[in-house]
Amino acid sequence: MVTGPVEDGVPGGPGTGPDATATANPELESALERAARGDSRASVYAALLDGPVLVPTIRRNGHGAGAPAMVTMRDTGEEVLLGFSSHRTLQAWSSRFSTFAVMPGTDLARLARANGAAAVVLDPGSPAELSLTQAELDQLADARMPVPPGSGTSSLSRASRRIRPTRAVWPAEALGAIKRIGQRPEVEACYLFDVAYDDGDPVPAVGLRFVTNDPGIVQQIMGELAGDLSRLLPHAAKADLMAVDDDLLAGLRGRVSPLTEQGTPPESR
């Protein structure tokens, strides 16, 4: 999920200084501390479903907060996303990231799924550090309360998904960014549609069909578009961003025409 500008934090900006507590999630911080002492992860899930998370971002050309930062774990080589319960915990971990985005926990989970992140690490470097698995993130992304790992309880990892032609009005600048991505040789086609999970309301979505299976390239392009849309969408507007796999492509064919296709100039569509 990509969210339009809500609360981007920069030094001296709305995410830092005296107003930093406005972007904190004390419920998440408390839940992480209890989980570190052996309590259930359920309170962590609840805090993520109902509250915000601070996500470090990478600046682009020295301007704005940019795209959420994918971090490579030194011990495993896996790429993960990071989430913090407050600006204080982010700064205690590292001063390298001077900008951050504030988003609902469900949006962070959807972002992790769209980018193929191996995990989301919450409050890294703190005594309460907690890593969320892909199975947990998949359920949080669909606004479900996950089943804790090792509980022995089965759970559907994905909600049912309904697709329809989009009814959203996209800003011209956002459409331009999507069309530019559609011109990349690694992208076969771009789609705009609405998606709803289970009984939830439909939300606008962007789907990218890739001609490559290289996860690094896919993550880089998805992250680039996510950063562009986070700046170009209207205030607090949301859109799902996903790679179009074979199952999703089958649901789109005959119902949703591509916004761009290889060999078709985007201006002609």
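Miscellaneous remarks
- The set of residues in region 72-91 being assigned to a strand (DSSP E or B) and surrounded by 14 or more Cβ atoms within 10 Å (Cβ to Cβ) consists of Glu79, Val80, Leu81, Leu82, Gly83, Phe84.
- In summary, Asp123 fulfils each of the numbered conditions (1) at pLDDT 85 or above; (2) within 25 Å of Ala239 (Cβ to Cβ) with the single exception of condition (2).
- Residue selection: Gly263 fails the criterion of being within 26 Å of Leu81 (Cα to Cα), outside the structural domain of Val80 (by TED's automatic domain parsing), modelled with pLDDT under 85 and among the small types (Gly, Ala, Ser).
- When residues of region 158-188 are limited to those that are in contact with a helix residue (DSSP H, G or I) (Cβ under 7 Å, 6 or more places away or on another chain) and outside any helix (DSSP H, G or I), the one modelled with the lowest pLDDT: Arg158
The values are calculated or read from the model by the stated rules, or taken from the named source; none is laboratory data. Source: prediction; values computed, not measured. Here Cβ is always computed from backbone atoms with ideal geometry, including for glycine, and neighbour counts include all displayed protein chains.
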